[in-house]
1. Tell me which residues, restricted to segment 40-59, are small (Gly, Ala, Ser) and either without any contact (Cβ under 8 Å) to a residue 40 or more places away in the chain or surrounded by fewer than 22 Cβ atoms within 10 Å (Cβ to Cβ) (or both).
2. Among the candidates Arg124, Arg149, Arg140, which residue alone is without any contact (Cβ under 8 Å) to a residue 40 or more places away in the chain, touching a strand residue (DSSP E or B) at 6+ places or on another chain (Cβ under 8 Å) and of a type outside the set (Asp, Glu)?
3. Can you pull out every residue in segment 189-213 that is surrounded by 14 or more Cβ atoms within 10 Å (Cβ to Cβ), out of contact with any helix residue (DSSP H, G or I) (no Cβ under 7 Å at 6 or more places or on another chain) and in a strand (DSSP E or B)?
4. Residues Val144, Val132: which one is β-branched (Val, Ile, Thr), modelled with pLDDT of 95 or more and over 30 Å from Ala49 (Cβ atoms)?
5. Among the residues of segment 291-307 satisfying the criterion of being buried (at least 18 other Cβ atoms within 10 Å of the Cβ) and near the ligand (Cβ under 10 Å from one of its atoms), which is farthest from Phe320 (Cα to Cα)?
6. Taking only segment 248-268 into account, find how many residues are modelled with pLDDT under 90 and either basic (Lys, Arg) or under 16 Å from Lys208 (Cα atoms) (or both).
7. Taking segment 51-75 as the region of interest, how many residues are touching a His at 6+ places or on another chain (Cβ under 7 Å) and more than 16 Å from the ligand (Cβ to nearest atom)?
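The values are calculated or read from the model by the stated rules, or taken from the named source; none is laboratory data. Every value quoted in this text rests on a predicted model; they were computed, and no experiment measured them. All Cβ positions, even for glycine, are placed from backbone atoms using ideal geometry, and neighbour counts span all protein chains on display.
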Amino acid sequence: MLDSIPSETPPPNLHDLAEDHYFGANPPPKDLEKHIALAREFIDFHSAAGRRLVLVTSGGTTVPLEKQTVRFIDNFSAGTRGATSAEYFLEAGYAVLFLHRQFSLLPFSRHYSHATDCFLDFLREGPNGSVVARDEDAGRMLQVLRKYRSARDRHMFLDLPFVSISDYLHELRSIARLMQPLGPRGLLYLAAAVSDFFVPPERMSEHKIQSTNAVDSAPSNSKKSPSSDKGSDNEEETFDNFDSSPAVPRSKSLVVDLDPVPKFLKNLVEGWSPQGMIVSFKLETDPTILVHKARYSLDRYQHHLVIGNLLSTRKWEVVFVAPGSPDRWIRVPTPQQRRMSSSAGAGFDQPLDPKSLPEGEPEVE
Ligand code: PAZ
């Protein structure tokens, strides 16, 4: 019977169907081909040198509300974890492909951008109208400058920006596939804060969503725009923020209806990068569920490591959740402990002696 003959190609599974649907429906970023060419050249160069290479993803992904995007949903991530980790990977000899949210923190320059101090505060006027680093900052700046120059001159670093969630996923899939020949010398370190929800293209307004129906009476506009569905029967009805709350008629509020972004970690692990080492991050705000969610993700996607962190403490503690190992917390001093330590005479970047921590504080590993 024909039915009993095993087919050469197995039927596509649900993950493949979701992938085809998502990537078919959500257009790639306009620079994807250019980024692929740059990434291919970078990967080939380091692969030929037998070097280890890491893809670090960093920063938040936006969720556009309009195709010609005026408004979007965003998240808190500044890219500190990704930019800082990239510096450590370079230090450890990895070539770093840095896939980051446009305008988020970058390795090296992060020390002087987005800071509470303006970078100009690190400078002073020098002799003959020149500009030089302030004496108290020069030593540290020189160290950062040397590391930056060394990475740049040896082509150890390539940065590629993204903006939206679909840009990010298109870039991630393409780069992960390009990294396949590296096998386990290729590491994917997924620190970007990836949106779980998005507006699917078929429900996205082409133009800026309107807050009045004034446009319906414009001579050129015989048809109602899809985004003006919430208009009322009045000829022109505006709502202003001063009298709109709390009794805003439903017809005047903007209701945003988001779909879940498909979970592509399984596709990444099994299809895009089957040999690569994969480290994902898990962010939570509720400490009681963090480890459970991290372990669940590891069991479900069968990759190599999940690093869990809480929004409020992410800068000084994380938990490593790995297959067959007990959970391991890694801690560095909190800002308060650093202040105490520097007023006690220790250097700014020195790890604290655990014995010097105040009672009840976490131990430094
Ligand atoms: O960018 P940042 O340093 O402020 O934050 C880093 C982080 C919390 C986004 C990262 O450590 C992380 O957990 N990323 C994964 C988030 C998630 O999608 O669950």
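1. Matches in segment 40-59: Ser47, Ala48, Ala49, Gly50.
2. Going through Arg124, Arg149, Arg140 in turn, the sole match is Arg124.
3. Leu190, Ala193
4. Result: Val132 is the single residue among Val144, Val132 that is β-branched (Val, Ile, Thr), modelled with pLDDT of 95 or more and over 30 Å from Ala49 (Cβ atoms).
5. Checking each candidate, the answer is Ser297.
6. 3
7. 3
To keep it simple, each residue is scored yes or no on (1) within 30 Å of Asn267 (Cβ to Cβ); (2) exposed (fewer than 11 other Cβ atoms within 10 Å of the Cβ); (3) not polar (S, T, N, Q).
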site: Gly126; (1), (2), (3): no, yes, yes
site: Arg134; (1), (2), (3): no, no, yes
site: Met141; (1), (2), (3): no, no, yes
site: Lys147; (1), (2), (3): no, no, yes
site: Ala151; (1), (2), (3): no, no, yes
site: Phe157; (1), (2), (3): yes, no, yes
site: Ser164; (1), (2), (3): yes, no, no
site: Leu172; (1), (2), (3): yes, no, yes
